[in-house]
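One structure is given below, represented as structure tokens, and several questions about it will come after.
What follows is calculated from the coordinates using simple rules that are stated; it is not laboratory data. Keep in mind the model is a prediction, meaning the values are calculated, not measured. Every residue, glycine among them, receives a Cβ derived from its backbone with ideal geometry; neighbour counts consider all protein chains shown.
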Amino acid sequence: MNSRFFYVRIYRWNPYLSLKPWFNIFPLNINDVNHLMVLDLLFFIKNNYDSTITFRRSCREGICGSCSMNINGINALACLKSFDCKFSQFLTIYPLPHMLVLKDLVCDLTNFYNQYRLIKPWLIQKKNNSKNWENLQSKLDRFSLDGLYECILCACCSASCPSYWWNYDKYLGPAILLQTYKWLIDSRDSAQKERLIFLSNSIRISKCHGITNCTKVCPKNLNPAQIINFLKYFSKINN
Ligand code: FES
């Protein structure tokens with residue numbers, strides 16, 4: 001029986017202890033954990049070694065976006081990321097980069113959600129739709145939302161973007177811009193003008209320099225970098 005060990009390094013910080021952040025390193029027997037998802041691995045460590053490790057999760061299916069973290073240098077969802085000990089002896093887990101940390105792997109996403117609120121992420125309809133309460137949409141119009149509606153707001157993309165790191169209070173970042181585009185092109189929405197006026201404060205969008213980290217890390221295989229280019233073009237021709 002193979003009893004090789006591999007090592008999981010986890011970033012730790014506790015606001016109630018007056019300590020600097022530190023790493024905990026857990027040597028694990030490969031036979032116990034090989035081929036587990038990273039989230040299962042975290043549970044294994046929490047249940048067997050240290051119950052104080054804190055992380056977020058909910059659905060365990062890549063739907064809720066809660067378990068986003070930085071895994072071996074790449075932002076990802078822990079529940080979708082498998083780790084094969086055959087390929088590496090080390091696994092390093094940080095919280096999402098350049099976010100305020102509340103505890104261990106849990107970040108403060110208040111700014112991210114406040115920015116989401118700013119774009120009015122709901123259908124705005126001006127005409128009275130009382131007869132047609134069903135918000136009908138053609139197949140083609142519905143098709144245009146593919147590649148947009150799948151975003152689960154996990155913040156992996158925004159937290160991988162250097163422009164967002166340095167301008168997080170002004171620049172909306174890839175996730176929120178992708179959502180903005182979704183509402184802008186939705187044929188059922190009638191607030192296109194207001195949404196474009198909101199974007200005319202150009203720093204909200206222009207800080208994208210096409211680095212494309214966002215597209216590389218998106219766990220749902222979306223392309224926020226391309227969407228931001230569409231959005232820039234859309235807002236240029238309409239403003
Ligand atoms: Fe919901 Fe990972 S737990 S996306």
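Tell me the Kirkwood radius of segment 1-104: reciprocal of the mean inverse pair distance over distinct alpha-carbon atoms, in Å. Could the numbers behind the result be given before it?
Details: mean 1/r = 0.0706 Å⁻¹.
Result for segment 1-104, one decimal place: 14.2 Å.
Here's something else I'd like to know. Sticking with the crude label model, points 7 Å out along Cα→Cβ, report the distance from Leu118 to Asn29 in nm, one decimal please.
5.3
Which of the peptides 75-81, 139-145 is most tightly packed, and how do the rest follow, going by the mean number of other Cβ atoms within 10 Å of each residue?
Descending packing order for the listed peptides: 75-81, 139-145.
Length gain on complete extension for the stretch His209 to Glu134, per 0.36 nm per residue less the alpha carbon to alpha carbon distance?
23.0 nm
Rounded, prolate or oblate: which fits segment 65-151 when a ≥ b ≥ c are the square roots of the eigenvalues of the alpha-carbon gyration tensor, with rounded for a/c under 1.5 and prolate only if a/b beats b/c?
oblate
Write down the Kirkwood hydrodynamic radius of segment 178-239, to one decimal in angstroms, obtained as one divided by the mean of 1/r over all alpha carbon pairs. Write down the numbers at each step before the final one.
Details: mean 1/r = 0.0814 Å⁻¹.
Here the Kirkwood hydrodynamic radius works out to 12.3 Å.
With 5 Å bins from zero, work out the P(r) of the chain over every alpha carbon pair and list the percent per bin.
Pairs per bin, as whole percents: 1, 6, 13, 15, 16, 13, 11, 9, 6, 5, 3, 1, 0, 0, 0.
Report, to the nearest 10°, how far helix 173-185 tilts away from the longest principal axis of the Cα atoms in the chain, using its own Cα long axis and a range of 0 to 90°.
Between helix and principal axis, roughly 30 degrees.
What angle, in degrees between 0 and 90 and rounded to the nearest 10, separates the Cα long axis of helix 224-238 from the longest principal axis of the Cα atoms of the chain?
20
Moving on to the next point. In the structure shown, do any of Lys126/Lys216; Lys20/Lys86; Lys170/Lys193; Lys127/Lys232 have a Cα-Cα gap over 30 Å, and if so which?
Working: Lys126/Lys216 38 Å; Lys20/Lys86 33 Å; Lys170/Lys193 21 Å; Lys127/Lys232 28 Å.
Going by Cα-Cα distance, Lys126/Lys216; Lys20/Lys86 fall outside the 30 Å limit.
Which is farthest toward the positive dipole end of segment 1-126 among Cys85, Met99, Phe26, measuring Cα position about the Cα centre, with Cβ charges +1 (Lys, Arg) and -1 (Asp, Glu)?
Projecting each Cα onto the dipole axis, the largest value belongs to Met99.
Another one. How big is the charge dipole of segment 126-239 about its Cα centre, in debye rounded to the nearest 20, if each Lys and Arg gets +1 on its Cβ and each Asp and Glu gets -1 on its Cβ? The partial results should precede the final answer.
Details: 16 positive and 8 negative charges, 51 e Å.
The dipole magnitude comes to about 240 debye.
Run the dipole for segment 1-71 about the Cα centre, Lys and Arg Cβ at +1, Asp and Glu Cβ at -1, nothing else charged, and hand back the magnitude in debye, nearest 20.
Approximately 220 debye in magnitude.
Determine the dipole magnitude for the chain: charges of +1 sit on the beta-carbon of Lys and Arg, -1 on that of Asp and Glu, nothing else is charged, the reference point is the Cα centre, and the result goes in debye to the nearest 20.
On the way: 29 positive and 15 negative charges, 125 e Å.
Once rounded to the nearest 20, the dipole reads 600 debye.
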